[in-house]
Amino acid sequence: MARTVYVNGSYVSERNAVVHYEDRGYQFADGVYEVILVRRGRLIDEIQHLDRLERSLRELSISMPMGRPPLEAVIHETLRRNFVQEGIIYLQVTRGVAPRDHTFPKAPISSLVVAAKRRNWPASDSEPKGGLGVFVRDERWARCDVKSISLLPNVLAKEKAKQLGAVEAILVSDDGTVTEGGSSNVWIVDRKGALHTHPLGPEILGGVTRGVIKRLAEDAQISVVEEPFDRNALMNAREVFVTSATSFVKPILNIDGVQIGDGKVGPVTSRIFSLYNAHTLAG
Ligand code: PDD
């Protein structure tokens, strides 16, 4: 069955889901996006994702394409029309269509695309599967807190990781600080079992999953330290994992060919995985 995509006011079949060649998203990457997890037909942490969308748009002076209640209605209708139970919602807003000129158009009308896609997520009783990581130089701009569709450095970093058989690129700034993953936030577990992750700020995207995991961990008496750490701290960590709406809690067992801890999925990572999994199943 052909998928239905919402494009600028209409629900159309996937093959007709096209935007104008002068859409500023297409020509300048002048836009933002969100990826929202869907489990059992429900949107997980929808409020936080839409709050972040509004924030990203505000930071770039792009208008919301419509008010929040109609936007929520479009998202839910797209989900319903595609019968997605397990998957994602992809949502993109750009500064709209205008003759090509770097400066803002006079009266821009934001473009909106919403798509629902099916994916198979791990079953509630499954153990997280570990993967390899590789260090890649963080070559992104200085506003990584904005969820911009301008993802070229992330694309190149993740392609490099894939070529090397890794599941994620671990981004490192020139001073050795581990910022985040190519499309995830990075966490380490220290010798005392505490979690460490980069603090919020322009160097990283404030992941919705990151925020949820911080709360779930603290509720479970696992301490969370939001301070920068470098690649040596990461290599000496007991456990390393990455988080995002689509990777859940993904253990990283080996980086650049060097084993992390005992090379197996660790107890803290397993615990965080099951807490987060339960959170997504509870909706
Ligand atoms: N990416 N950091 C970056 C650079 C990301 O691209 C993402 C998510 C995250 C985690 O954010 P969240 O927990 O809200 O998913 C952190 C999405 C999934 C993507 O680009 O597909």
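Laid out as a table, the results:
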read-out	value
Counted residues, region 23-71 - those being away from the ligand (no atom under 16 Å from the Cβ) and closer than 16 Å to Gln92 by Cβ	13
Members of region 105-132 found to be open to solvent by 90 Å² or more (accessible area, probe 1.4 Å) and either part of a strand (DSSP E or B) or out of contact with any Asp or Glu (no Cβ under 9 Å at 6 or more places or on another chain) (or both), listed by number	Lys106, Ile109, Arg118, Asp125, Glu127, Lys129
Answer residue from region 249-283, given it is under 17 Å from Arg215 (Cβ atoms) and of a type in the set (Gly, Ala, Ser) and is surrounded by the most Cβ atoms within 10 Å (Cβ to Cβ) among those	Ser274
Residue tally, condition β-branched (Val, Ile, Thr) and part of a loop (DSSP other than H, G, I, E, B), over region 5-61	3
Checklist (1) crowded, with 21+ Cβ neighbours inside 10 Å; (2) free of Cβ contacts under 8 Å to residues at least 40 places away in the same chain; (3) part of a loop (DSSP other than H, G, I, E, B) applied to Ile75, failing item	(3)
Leu43 under 20 Å from the mean Cα position of the chain (by Cα) and more than 18 Å from Val208 (Cα to Cα)	no
Checklist (1) surrounded by fewer than 19 Cβ atoms within 10 Å (Cβ to Cβ); (2) within 11 Å of the ligand (Cβ to nearest atom); (3) among the basic types (Lys, Arg) applied to Arg215, failing item	(2)
Subset of region 145-192 (residues that are assigned to a loop (DSSP other than H, G, I, E, B) and over 26 Å from Gly31 (Cα atoms))	Leu164, Gly165, Ala166, Val167, Asp174, Asp175, Gly176, Asp190, Arg191, Lys192
Sole residue being open to solvent by 90 Å² or more (accessible area, probe 1.4 Å), hydrophobic (A, V, I, L, M, F, W, C) and within 13 Å of the ligand (Cβ to nearest atom), chosen from Leu91, Leu152	Leu152
Any hit, region 165-174, residues being exposed (fewer than 14 other Cβ atoms within 10 Å of the Cβ) and over 20 Å from the mean Cα position of the chain (by Cα)	yes
Selection from region 174-211 of residues that are near the ligand (Cβ under 8 Å from one of its atoms) and either in contact with a helix residue (DSSP H, G or I) (Cβ under 6 Å, 6 or more places away or on another chain) or among the polar types (S, T, N, Q) (or both)	Gly182, Ser183, Ser184, Asn185, Val208, Thr209
Verdict on Tyr11 being among the hydroxyl-bearing types (Ser, Thr, Tyr) and open to solvent by 80 Å² or more (accessible area, probe 1.4 Å)	no
Counted residues, region 39-53 - those being open to solvent by 60 Å² or more (accessible area, probe 1.4 Å) and not basic (Lys, Arg)	3
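The values are calculated or read from the model by the stated rules, or taken from the named source; none is laboratory data. As the structure is a prediction and not an experimental result, all values here were calculated from the model. Neighbour counts are summed over all protein chains in view; Cβ atoms, including those assigned to glycine, are modelled from backbone coordinates with ideal geometry. With ligands, DNA and RNA removed, areas are computed over all heavy atoms of the protein, side chains included. Shrake-Rupley method; radii C 1.70, N 1.55, O 1.52, S 1.80 Å.
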